[in-house]
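A.B. asks: Below are the structure tokens for one structure; questions will follow.
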Amino acid sequence: MSQHSAGWTSPAVDVLRVTSDGFATVDPDSTPGYRGRKADGVQSLARGLTVLGELQERLYAWYAVGEAQASVLLVLQAMDSAGKGGIVRHVVGGVDPQGIELAAFKAPTADELQHDFLWRIEKRMPREGMIGVFDRSHYEDVLIARVRSLAPAEEIERRYGAIVEFEKRAVDAGTRIIKVMLHISRDEQKKRLMKRLDRPDKHWKYNPGDVDERLLWDDYMAAYETVFARTSTDAAPWYVVPANHKWYARLAVQELLLAALEDIDPQWPRADYDVKAEKKRLAAS
């Protein structure tokens, strides 16, 4: 493992990838694959951010000169308050924003409901050379839609297959897909939601509907298990990231991003002009 990976005893892509057992045995308080504590994790995150910034710039530079043949899509799914916003701010937000395309999917509009559920998703897929981030995604259409019976059972069943096919097409076209479920415990969620109520400056982040969703916690966990079983593939695997410790969740997602970018290995584009000659011209200007 490279220098930024100090503290990791095993690659995050290995220890966090969902298995046939699902995530029932994953402890939300754990820090799999990482031997350090919070202070170590904060330092590791800072080191990794430097590497991530360079890799992202190299990928974008490929795009800028028309040579990019790859992109990255980070899919973030979780129960409310699990830390998706923190991932966006502290991991993705640390790189050049011109190379990032963020989509936060809410309930579909009346117009979007006139189309297949993937219609609005396809329009927001990252362009070549970009890192795309889905804050919630097409998986809402087989999670909340299943739990809340927002679509017939046969339609939900169809969507699993449609998602697998859609993601395979995207991967074949050059998009690396990193699907992350931030795994928070029910008790930790209660603490975080209560903290929002205790702080007037956080009241805007609280949604009374979150309590209604908590009452369906077991149903959501069962829906996630089905999602993993039906849509975690070699082309686009799922990763379960324990999220009770925010510092670890951010570090783990950063490590997954770094692994994808290092595998792509974008190179700085070569100058299509004579550098020495341009130096002379510039010096004489």
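The values are calculated or read from the model by the stated rules, or taken from the named source; none is laboratory data. As the structure is a prediction and not an experimental result, all values here were calculated from the model. Please note: Cβ atoms are built from the backbone with ideal geometry, for glycine as well, and neighbour counts cover all protein chains shown. Only protein heavy atoms, including side chains, enter the accessible area calculation; ligands, DNA and RNA are left aside. Shrake-Rupley method; radii C 1.70, N 1.55, O 1.52, S 1.80 Å.
A.B. asks: Give me the pairs, please: first residue somewhere in the range 170-198 and closer than 19 Å to Asp29 by Cα, second residue anywhere and of a type in the set (A, V, I, L, M) and open to solvent by 20 Å² or more (accessible area, probe 1.4 Å), beta-carbon distance under 6 Å, and either six or more positions apart or on two chains.
C.D. replies: His183/Val26
A.B. asks: For the range 156-173, indicate whether the set of residues that are farther than 18 Å from Val72 by Cα and among the hydrophobic types (A, V, I, L, M, F, W, C) is non-empty.
C.D. replies: Checking the range 156-173: at least one residue is farther than 18 Å from Val72 by Cα and among the hydrophobic types (A, V, I, L, M, F, W, C).
A.B. asks: Then there is this: Would you call Val147 within 14 Å of the chain's Cα centre (by Cα) and not small (Gly, Ala, Ser)?
C.D. replies: Judged against the criteria, Val147 is not a match.
A.B. asks: Taking the range 76-109 as the region of interest, how many residues are of a type in the set (Val, Ile, Thr) and assigned to a loop (DSSP other than H, G, I, E, B)? Working first, answer last.
C.D. replies: Of the residues in the range 76-109, the ones of a type in the set (Val, Ile, Thr) are 87-88, 91-92, 95, 100, 109.
Checking which are assigned to a loop (DSSP other than H, G, I, E, B) leaves us with 91, 95, 109.
Residues that pass the stated criteria total 3.
A.B. asks: Among Asp116, Asp80, which is the only one that is crowded, with 16+ Cβ neighbours inside 10 Å, over 21 Å from Ala260 (Cβ atoms) and not hydrophobic (A, V, I, L, M, F, W, C)?
C.D. replies: Values: Asp116 fails: crowded, with 16+ Cβ neighbours inside 10 Å.
It is Asp80.
A.B. asks: Could you run through the range 23-63 and say how many residues are assigned to a helix (DSSP H, G or I) and among the β-branched types (Val, Ile, Thr)? I'd like the intermediate steps shown before the answer.
C.D. replies: As a first pass, look at the range 23-63 and keep what is assigned to a helix (DSSP H, G or I): 38-63.
Filter again for among the β-branched types (Val, Ile, Thr), leaving 42, 50-51.
Looking only at that region, the number is 3.
A.B. asks: Is it true that Glu67 is surrounded by fewer than 18 Cβ atoms within 10 Å (Cβ to Cβ), among the charged types (D, E, K, R) and touching a helix residue (DSSP H, G or I) at 6+ places or on another chain (Cβ under 6 Å)? Even if it seems obvious, please write down each step before you answer.
C.D. replies: Numbers: surrounded by fewer than 18 Cβ atoms within 10 Å (Cβ to Cβ): yes; among the charged types (D, E, K, R): yes; touching a helix residue (DSSP H, G or I) at 6+ places or on another chain (Cβ under 6 Å): no.
Considered against the rule, which asks whether it is surrounded by fewer than 18 Cβ atoms within 10 Å (Cβ to Cβ), among the charged types (D, E, K, R) and touching a helix residue (DSSP H, G or I) at 6+ places or on another chain (Cβ under 6 Å), Glu67 comes out as no.
A.B. asks: Another question, then. I'm checking my understanding of the structure. Among residues of the range 154-169 that are acidic (Asp, Glu) and either more than 21 Å from Met125 (Cβ to Cβ) or not in a helix (DSSP H, G or I) (or both), which one is nearest to the chain's Cα centre (by Cα)? It would help to see each step written out before you state the result.
C.D. replies: Of the residues in the range 154-169, the ones acidic (Asp, Glu) are 154-155, 157, 165, 167.
Subset that is either more than 21 Å from Met125 (Cβ to Cβ) or not in a helix (DSSP H, G or I) (or both): 154-155, 157.
Numbers: Glu154: 28, Glu155: 26, Glu157: 24 Å.
Among residues in the range 154-169 that are acidic (Asp, Glu) and either more than 21 Å from Met125 (Cβ to Cβ) or not in a helix (DSSP H, G or I) (or both), the one nearest to the chain's Cα centre (by Cα) is Glu157.
A.B. asks: Where in the range 170-285 are the helices (runs of 4 or more DSSP H), entirely inside, with at least 1 residues that are acidic (Asp, Glu), open to solvent by 30 Å² or more (accessible area, probe 1.4 Å) and under 27 Å from Asp14 (Cβ atoms)? Give the derivation first.
C.D. replies: Details: elements: 186-198, 209-214, 217-231, 246-264, 275-284.
Passing ranges, in order: 186-198, 217-231, 246-264.
A.B. asks: On the basis of being touching a residue at least 24 places away in the same chain (Cβ under 8 Å), hydroxyl-bearing (Ser, Thr, Tyr), in contact with a Lys or Arg (Cβ under 6 Å, 6 or more places away or on another chain) and surrounded by 15 or more Cβ atoms within 10 Å (Cβ to Cβ), does Ser44 make the cut? Give the steps one after another, and end with the answer.
C.D. replies: Values: touching a residue at least 24 places away in the same chain (Cβ under 8 Å): yes; hydroxyl-bearing (Ser, Thr, Tyr): yes; in contact with a Lys or Arg (Cβ under 6 Å, 6 or more places away or on another chain): no; surrounded by 15 or more Cβ atoms within 10 Å (Cβ to Cβ): yes.
Against the criterion (touching a residue at least 24 places away in the same chain (Cβ under 8 Å), hydroxyl-bearing (Ser, Thr, Tyr), in contact with a Lys or Arg (Cβ under 6 Å, 6 or more places away or on another chain) and surrounded by 15 or more Cβ atoms within 10 Å (Cβ to Cβ)), Ser44 does not qualify.
A.B. asks: Given the criteria surrounded by 14 or more Cβ atoms within 10 Å (Cβ to Cβ), of a type in the set (D, E, K, R) and under 28 Å from Ala252 (Cα atoms), does Glu122 qualify? Talk me through it step by step, then tell me what you get.
C.D. replies: Details: surrounded by 14 or more Cβ atoms within 10 Å (Cβ to Cβ): no; of a type in the set (D, E, K, R): yes; under 28 Å from Ala252 (Cα atoms): yes.
Considered against the rule, which asks whether it is surrounded by 14 or more Cβ atoms within 10 Å (Cβ to Cβ), of a type in the set (D, E, K, R) and under 28 Å from Ala252 (Cα atoms), Glu122 comes out as no.
A.B. asks: Can you tell me how many residues in the range 20-37 are within 20 Å of Leu257 (Cα to Cα) and either aliphatic (A, V, I, L, M) or open to solvent by 80 Å² or more (accessible area, probe 1.4 Å) (or both)?
C.D. replies: Result for the range 20-37: 1.
A.B. asks: Same structure, new question: Taking the conditions exactly as written (within 26 Å of Val241 (Cβ to Cβ), in a loop (DSSP other than H, G, I, E, B) and at pLDDT 95 or above), does Arg120 satisfy them or not?
C.D. replies: On the way: within 26 Å of Val241 (Cβ to Cβ): yes; in a loop (DSSP other than H, G, I, E, B): no; at pLDDT 95 or above: yes.
Against the criterion (within 26 Å of Val241 (Cβ to Cβ), in a loop (DSSP other than H, G, I, E, B) and at pLDDT 95 or above), Arg120 does not qualify.
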